[in-house]
Amino acid sequence: MSQRIDGHPYPMIQALEQYRREGQTIGFVPTMGCLHRGHQALIEASRNDGNLTVVSVFVNPAQFGPNEDFDKYPRDNDRDYELAAAAGGDIVWYPDVADLYPADAQTSVRPGALADKLCGISRPQFFPGICTVVLKLFNLVRPHQAYFGEKDYQQLAIIRRMVADFYLEIDVVGCQTVRETDGLAMSSRNRYLTEADRDTALTLVRTIEAARRAFAEGERNAAALKTHLTKAWPKDLELDYLDFREPDFLEEEHQLKAETRLFLGAWLRGIRLIDNAAIG
Ligand code: PAF
């Protein structure tokens, strides 16, 4: 039976204290709601690791830019509860903005160089906003393990860095990207896509497949492959970045290796699309 907690964190903290006394480990899946199978896979991973699993649902204003979709970001708390419960979430918590950003709050987290590249260039508020809310959530939930999807690989790398830099005793677990049957990476924003958009949106996964084929056929020159892939990019999909990066510090890679990741960011009629994968 899943427990739903709306608003203030204290009932959740009290419930977790009891579980901790009983020797339970706590797994945490922070989300912005609009749950899909990708989120459910994170909840299942936490359950499979034997954790009492907390899911938070909070659309974090601090990670949206002034012209982004904060106001129209899809919210459906009842449906999210059903999906979180079906995947095995034990506590589903819906903090309000005033619970996480009280009027007298002043302090925020400023991540380092990992946040200045890829998504961080066109969305400078994004990773500081994410780190700030994730640190608040971590301190309230105090999980043993926290689960994040590799679809947001840069986010995962930055959170790992933050956990190390602030000596947090949390094991950050990265989980594979879950895809729709046509290959599109699952995202809450996919629901904005029309039938016609969808084919264009598939450019991202098709570009990853093309890079993988080229690598398998012996291509090792990142610049040459980047030029080739960029030339094939459709005009109606605004390319933000197409970069080959090594997996730890996300530095640019010149000589391609199996673990090199291709990172893609784009805007389709203002809808944010990202994807990434290792090319080997
Ligand atoms: O990945 C997300 O959904 C968000 O960035 C997160 C980690 C819940 C922070 O708001």
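Quick notes on this one:
- Residue match in segment 63-78 (condition: more than 12 Å from the ligand (Cβ to nearest atom), at pLDDT 95 or above, closer than 28 Å to R4 by Cβ and touching a His at 6+ places or on another chain (Cβ under 9 Å)): no
- Test result for P111, of a type outside the set (G, A, S), within 15 Å of the ligand (Cβ to nearest atom), in contact with a Phe, Trp or Tyr (Cβ under 6 Å, 6 or more places away or on another chain) and modelled with pLDDT of 95 or more: yes
- Of the helices (runs of 4 or more DSSP H) lying entirely inside segment 167-280, the ones with 2 or more residues being touching a Gly at 6+ places or on another chain (Cβ under 7 Å) and crowded, with 19+ Cβ neighbours inside 10 Å are found at 203-216.
- The set of residues in segment 15-49 being away from the ligand (no atom under 16 Å from the Cβ) and outside any loop (DSSP other than H, G, I, E, B) consists of A15, L16, E17, Q18, Y19, R20, R21, I26, E44, R47, N48.
- Count of residues meeting criterion [more than 9 Å from the ligand (Cβ to nearest atom) and either charged (D, E, K, R) or at positive phi (or both)] in segment 115-157: 7
- One residue stands out among those in segment 81-120 that are surrounded by 13 or more Cβ atoms within 10 Å (Cβ to Cβ) and within 17 Å of the chain's Cα centre (by Cα): the one that is nearest to L52 (Cα to Cα), which is A84.
- Any hit, segment 144-157, residues being hydroxyl-bearing (S, T, Y), over 27 Å from R179 (Cα atoms), crowded, with 19+ Cβ neighbours inside 10 Å and under 18 Å from the mean Cα position of the chain (by Cα): no
- Restricting G50, G7 to those that are surrounded by fewer than 19 Cβ atoms within 10 Å (Cβ to Cβ), farther than 20 Å from Q125 by Cβ and touching an Asp or Glu at 6+ places or on another chain (Cβ under 6 Å) reduces the list to G7.
- When residues of segment 1-14 are limited to those that are of a type outside the set (S, T, N, Q) and either touching a Leu at 6+ places or on another chain (Cβ under 9 Å) or assigned to a helix (DSSP H, G or I) (or both), the one farthest from L137 (Cα to Cα): P11
The values are calculated or read from the model by the stated rules, or taken from the named source; none is laboratory data. Keep in mind the model is a prediction, meaning the values are calculated, not measured. Note: ideal-geometry Cβ built from the backbone for every residue, glycine included; neighbour counts use all protein chains shown.
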